Amino acid sequence: MSLFKARDWWSTILGDKEEFDQGCLCLANVDNSGNGQDKIIVGSFMGYLRIFSPHPAKTGDGAQAEDLLLEVDLRDPVLQVEVGKFVSGTEMLHLAVLHSRKLCVYSVSGTLGNVEHGNQYQMKLMYEHNLQRTACNMTYGAFGGIKGRDLICIQSMDGMLMVFEQESYAFGRFLPGFLLPGPLAYSSRTDSFITVSSCRQVESYK
(Lines give C-alpha, C1' and ligand atoms only; values in the text may rest on other atoms or scores of the structure.)
Protein backbone atom coordinates (compact mmCIF):
# COMPACT_ATOMS: atom_id res chain seq x y z
CA MET A 1 0.00 0.00 0.00
CA SER A 2 1.41 3.37 -1.03
CA LEU A 3 1.48 6.35 1.31
CA PHE A 4 1.56 8.78 -1.62
CA LYS A 5 -1.31 10.09 -3.71
CA ALA A 6 -1.36 12.11 -6.91
CA ARG A 7 -3.90 14.90 -6.96
CA ASP A 8 -4.71 17.57 -9.52
CA TRP A 9 -3.09 20.76 -8.25
CA TRP A 10 -3.71 23.03 -11.25
CA SER A 11 -4.78 22.71 -14.87
CA THR A 12 -5.98 24.85 -17.73
CA ILE A 13 -7.20 24.52 -21.31
CA LEU A 14 -5.05 26.14 -23.99
CA GLY A 15 -6.97 27.57 -26.94
CA ASP A 16 -8.94 25.53 -29.43
CA LYS A 17 -7.26 22.68 -31.32
CA GLU A 18 -3.79 24.14 -30.80
CA GLU A 19 -0.75 21.88 -31.22
CA PHE A 20 2.45 21.85 -29.19
CA ASP A 21 5.90 20.29 -29.39
CA GLN A 22 8.32 19.15 -26.69
CA GLY A 23 10.16 22.46 -26.65
CA CYS A 24 7.03 24.58 -26.27
CA LEU A 25 7.06 24.48 -22.45
CA CYS A 26 9.42 26.26 -20.06
CA LEU A 27 9.50 27.03 -16.32
CA ALA A 28 11.36 30.10 -15.06
CA ASN A 29 11.09 33.37 -13.16
CA VAL A 30 10.81 35.09 -16.52
CA ASP A 31 9.67 38.46 -15.12
CA ASN A 32 12.51 38.53 -12.55
CA SER A 33 10.02 38.99 -9.71
CA GLY A 34 11.38 39.51 -6.23
CA ASN A 35 9.67 36.42 -4.82
CA GLY A 36 11.58 34.22 -7.29
CA GLN A 37 8.41 32.35 -8.27
CA ASP A 38 8.66 30.37 -11.49
CA LYS A 39 6.10 30.98 -14.23
CA ILE A 40 4.85 28.53 -16.86
CA ILE A 41 5.63 29.68 -20.39
CA VAL A 42 3.84 27.89 -23.24
CA GLY A 43 4.09 28.48 -26.99
CA SER A 44 2.02 26.79 -29.70
CA PHE A 45 2.31 26.05 -33.41
CA MET A 46 -0.57 28.50 -33.86
CA GLY A 47 1.81 31.24 -32.73
CA TYR A 48 0.28 31.96 -29.33
CA LEU A 49 2.55 32.55 -26.34
CA ARG A 50 1.06 32.35 -22.85
CA ILE A 51 2.58 32.92 -19.43
CA PHE A 52 0.90 31.48 -16.34
CA SER A 53 1.45 31.96 -12.63
CA PRO A 54 -0.55 29.03 -11.25
CA HIS A 55 -2.22 28.89 -7.86
CA PRO A 56 -3.83 25.79 -6.35
CA ALA A 57 -7.46 25.53 -7.34
CA LYS A 58 -10.26 24.58 -5.00
CA THR A 59 -11.89 21.23 -5.54
CA GLY A 60 -14.06 21.34 -8.65
CA ASP A 61 -12.72 24.70 -9.83
CA GLY A 62 -10.57 25.22 -12.89
CA ALA A 63 -7.78 27.69 -13.42
CA GLN A 64 -8.49 31.25 -12.31
CA ALA A 65 -8.46 34.11 -14.82
CA GLU A 66 -5.69 35.87 -12.90
CA ASP A 67 -3.43 32.84 -13.38
CA LEU A 68 -2.93 33.91 -17.02
CA LEU A 69 -0.44 36.76 -16.84
CA LEU A 70 0.01 37.30 -20.56
CA GLU A 71 -1.26 36.02 -23.90
CA VAL A 72 0.33 37.23 -27.14
CA ASP A 73 -0.20 36.25 -30.78
CA LEU A 74 3.29 36.14 -32.32
CA ARG A 75 1.82 35.16 -35.74
CA ASP A 76 4.56 32.59 -36.40
CA PRO A 77 4.63 28.98 -35.12
CA VAL A 78 6.57 28.68 -31.87
CA LEU A 79 9.07 25.81 -31.99
CA GLN A 80 10.71 26.30 -28.60
CA VAL A 81 10.86 28.68 -25.63
CA GLU A 82 13.77 29.11 -23.20
CA VAL A 83 14.68 31.59 -20.45
CA GLY A 84 18.23 32.73 -19.71
CA LYS A 85 20.70 35.61 -19.57
CA PHE A 86 20.40 36.47 -23.24
CA VAL A 87 20.88 40.27 -23.22
CA SER A 88 24.28 41.95 -22.91
CA GLY A 89 24.98 44.33 -20.05
CA THR A 90 22.59 42.66 -17.61
CA GLU A 91 22.17 39.36 -15.79
CA MET A 92 18.38 39.65 -15.79
CA LEU A 93 16.47 36.73 -17.29
CA HIS A 94 14.94 37.13 -20.75
CA LEU A 95 12.69 34.97 -22.91
CA ALA A 96 14.00 33.42 -26.15
CA VAL A 97 11.40 32.29 -28.68
CA LEU A 98 12.44 30.13 -31.62
CA HIS A 99 10.46 30.30 -34.86
CA SER A 100 11.26 28.39 -38.04
CA ARG A 101 13.17 31.33 -39.58
CA LYS A 102 13.67 33.69 -36.66
CA LEU A 103 14.99 33.85 -33.10
CA CYS A 104 13.43 36.54 -30.90
CA VAL A 105 14.48 37.60 -27.39
CA TYR A 106 11.99 39.45 -25.20
CA SER A 107 11.91 41.05 -21.79
CA VAL A 108 8.83 40.29 -19.69
CA SER A 109 7.79 42.79 -17.03
CA GLY A 110 4.85 43.53 -14.82
CA THR A 111 3.61 46.91 -13.65
CA LEU A 112 1.49 47.38 -10.55
CA GLY A 113 -2.18 47.56 -11.52
CA ASN A 114 -4.84 49.79 -10.05
CA VAL A 115 -7.60 47.20 -10.35
CA GLU A 116 -8.35 43.99 -8.50
CA HIS A 117 -6.98 41.87 -11.35
CA GLY A 118 -3.44 42.68 -10.18
CA ASN A 119 -0.36 43.53 -12.21
CA GLN A 120 -0.31 44.32 -15.92
CA TYR A 121 2.26 42.29 -17.87
CA GLN A 122 3.90 43.11 -21.17
CA MET A 123 6.59 41.79 -23.51
CA LYS A 124 9.20 43.97 -25.19
CA LEU A 125 11.33 42.77 -28.10
CA MET A 126 15.00 43.25 -27.22
CA TYR A 127 16.46 41.89 -30.46
CA GLU A 128 15.90 39.28 -33.13
CA HIS A 129 18.01 37.19 -35.52
CA ASN A 130 16.68 36.30 -38.95
CA LEU A 131 17.86 32.78 -39.76
CA GLN A 132 19.31 31.76 -43.12
CA ARG A 133 18.31 28.15 -42.48
CA THR A 134 15.10 26.57 -41.19
CA ALA A 135 15.40 25.93 -37.45
CA CYS A 136 14.58 22.70 -35.65
CA ASN A 137 15.48 23.27 -31.99
CA MET A 138 17.92 25.08 -29.71
CA THR A 139 19.84 24.87 -26.48
CA TYR A 140 21.62 27.46 -24.37
CA GLY A 141 24.26 27.82 -21.68
CA ALA A 142 27.53 29.42 -20.65
CA PHE A 143 29.42 28.06 -23.67
CA GLY A 144 33.19 28.11 -23.16
CA GLY A 145 32.77 28.70 -19.43
CA ILE A 146 31.83 32.38 -19.77
CA LYS A 147 30.39 34.06 -16.69
CA GLY A 148 27.20 36.04 -16.25
CA ARG A 149 25.61 35.40 -19.65
CA ASP A 150 24.17 32.64 -21.80
CA LEU A 151 24.76 31.84 -25.45
CA ILE A 152 22.25 30.14 -27.75
CA CYS A 153 22.90 27.28 -30.18
CA ILE A 154 20.27 26.54 -32.85
CA GLN A 155 20.17 23.31 -34.85
CA SER A 156 18.86 23.70 -38.39
CA MET A 157 16.86 21.14 -40.33
CA ASP A 158 19.88 20.53 -42.61
CA GLY A 159 22.33 19.85 -39.80
CA MET A 160 24.05 23.13 -39.00
CA LEU A 161 24.68 24.28 -35.43
CA MET A 162 24.44 28.08 -35.31
CA VAL A 163 25.85 29.81 -32.23
CA PHE A 164 24.61 33.24 -31.18
CA GLU A 165 26.47 35.34 -28.62
CA GLN A 166 23.51 37.36 -27.41
CA GLU A 167 22.93 40.14 -29.99
CA SER A 168 25.61 38.81 -32.37
CA TYR A 169 25.93 35.76 -34.60
CA ALA A 170 29.16 33.95 -33.67
CA PHE A 171 29.64 31.02 -36.08
CA GLY A 172 28.06 27.92 -37.60
CA ARG A 173 29.27 24.38 -38.18
CA PHE A 174 27.70 21.38 -39.93
CA LEU A 175 27.34 18.10 -38.04
CA PRO A 176 29.23 15.29 -39.81
CA GLY A 177 27.19 12.48 -41.37
CA PHE A 178 23.96 14.35 -40.76
CA LEU A 179 20.65 12.96 -42.03
CA LEU A 180 17.83 14.08 -39.72
CA PRO A 181 17.85 16.51 -36.77
CA GLY A 182 17.71 15.00 -33.30
CA PRO A 183 17.44 16.33 -29.74
CA LEU A 184 20.05 18.90 -28.71
CA ALA A 185 21.41 19.64 -25.24
CA TYR A 186 24.39 21.43 -23.72
CA SER A 187 26.58 19.88 -21.02
CA SER A 188 28.31 22.48 -18.85
CA ARG A 189 30.57 19.85 -17.28
CA THR A 190 32.14 18.81 -20.59
CA ASP A 191 31.38 22.14 -22.33
CA SER A 192 29.96 20.28 -25.31
CA PHE A 193 26.80 19.82 -27.34
CA ILE A 194 25.08 16.45 -27.12
CA THR A 195 22.74 15.07 -29.75
CA VAL A 196 21.44 11.77 -31.09
CA SER A 197 22.39 11.02 -34.69
CA SER A 198 20.38 9.23 -37.37
CA CYS A 199 22.56 6.17 -36.61
CA ARG A 200 20.92 6.07 -33.15
CA GLN A 201 24.18 7.04 -31.49
CA VAL A 202 24.58 9.64 -28.74
CA GLU A 203 27.26 12.05 -29.93
CA SER A 204 29.06 14.89 -28.15
CA TYR A 205 30.69 17.80 -29.97
CA LYS A 206 33.06 20.20 -28.24
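Which one is surrounded by the fewest Cβ atoms within 10 Å (Cβ to Cβ) among residues in the stretch 143-157 that are of a type in the set (A, V, I, L, M, F, W, C) and under 23 Å from SER100 (Cβ atoms)? It comes out as MET157. So in the stretch 53-107, with the set limited to residues that are out of contact with any strand residue (DSSP E or B) (no Cβ under 8 Å at 6 or more places or on another chain) and buried (at least 16 other Cβ atoms within 10 Å of the Cβ), which one is modelled with the lowest pLDDT? In this case the residue turns out to be ALA57.
Of all positions in the stretch 126-135, at least one carries a residue that is assigned to a strand (DSSP E or B), more than 17 Å from the chain's Cα centre (by Cα), under 17 Å from TYR106 (Cβ atoms) and not hydrophobic (A, V, I, L, M, F, W, C). Taking the listed residues ASP31, ASP8, the one that is of a type in the set (D, E, K, R) and surrounded by 19 or more Cβ atoms within 10 Å (Cβ to Cβ) is ASP31, with no other qualifying. For the structure I just gave you, tell me whether MET160 is surrounded by 14 or more Cβ atoms within 10 Å (Cβ to Cβ) and within 21 Å of CYS24 (Cβ to Cβ). Against the criterion (surrounded by 14 or more Cβ atoms within 10 Å (Cβ to Cβ) and within 21 Å of CYS24 (Cβ to Cβ)), MET160 does not qualify. Just one of (1) touching a Leu at 6+ places or on another chain (Cβ under 7 Å); (2) farther than 17 Å from VAL83 by Cα; (3) not polar (S, T, N, Q) fails for LEU180. It is (1). Do you know which residues across the stretch 155-180 are aliphatic (A, V, I, L, M) and over 19 Å from SER88 (Cα atoms)? MET157, MET160, LEU161, LEU175, LEU179, LEU180, listed by residue number.
Only residues that are polar (S, T, N, Q), surrounded by 14 or more Cβ atoms within 10 Å (Cβ to Cβ) and part of a strand (DSSP E or B) were counted across the stretch 163-206, and they come to 2. If you check TYR140 against the conditions, is it in a strand (DSSP E or B), farther than 19 Å from CYS26 by Cα and out of contact with any helix residue (DSSP H, G or I) (no Cβ under 9 Å at 6 or more places or on another chain)? No; evaluated as a whole, the condition is false for this residue.
Contact map, the stretch 170-187: residues that are of a type in the set (D, E, K, R) paired with residues that are assigned to a strand (DSSP E or B), Cβ distance under 9 Å, separation 6+ or inter-chain. Pairs shown: ARG173/MET160; ARG173/LEU161; ARG173/MET162; ARG173/VAL163; ARG173/TYR205.
The values are calculated or read from the model by the stated rules, or taken from the named source; none is laboratory data. Quick caveat: nothing in here was measured; it's all calculated off a predicted structure. In this analysis, Cβ positions are derived from the backbone assuming ideal geometry, glycine residues included, and neighbour counts consider all displayed protein chains.
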